[in-house]
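What follows is calculated from the coordinates using simple rules that are stated; it is not laboratory data. Just so it is clear, the structure is predicted and the values come from calculations on it, not from any experiment. Cβ atoms come from the backbone with ideal geometry, glycine included; neighbour counts cover every protein chain shown.
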Amino acid sequence: MAFKARLDFSGKEYDVLHCAYSLNRDVDAKGRPSSGVYGGTIDIEIEST
């Protein structure tokens, strides 16, 4: 599936080439979630001029 994404940052628009994210939460001994989501990272690759 193809899509086009644009990032608007500080009044400028950039074409997004790739985006990935990772979120964190604690789990118990059985691997079940034991907390809410409390952080993570967002990686965005944009086209530069």
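A few notes on this one:
- Subset tally (residues that are assigned to a strand (DSSP E or B) and touching a strand residue (DSSP E or B) at 6+ places or on another chain (Cβ under 6 Å)) for region 1-14: 4
- Against the conditions (1) surrounded by 10 or more Cβ atoms within 10 Å (Cβ to Cβ); (2) more than 15 Å from the chain's Cα centre (by Cα), residue 12 satisfies every one except (1).
- Scanning region 27-36 for residues that are surrounded by 10 or more Cβ atoms within 10 Å (Cβ to Cβ) and either in contact (Cβ under 8 Å) with a residue 40 or more places away in the chain or not in a strand (DSSP E or B) (or both) yields a count of 2.
- Hits in region 15-47 (condition: of a type in the set (Gly, Ala, Ser) and out of contact with any strand residue (DSSP E or B) (no Cβ under 8 Å at 6 or more places or on another chain)): 29, 31, 35, 36
- Test for residue 41: is it free of Cβ contacts under 8 Å to residues at least 24 places away in the same chain, part of a strand (DSSP E or B) and either under 13 Å from the mean Cα position of the chain (by Cα) or exposed (fewer than 10 other Cβ atoms within 10 Å of the Cβ) (or both): yes
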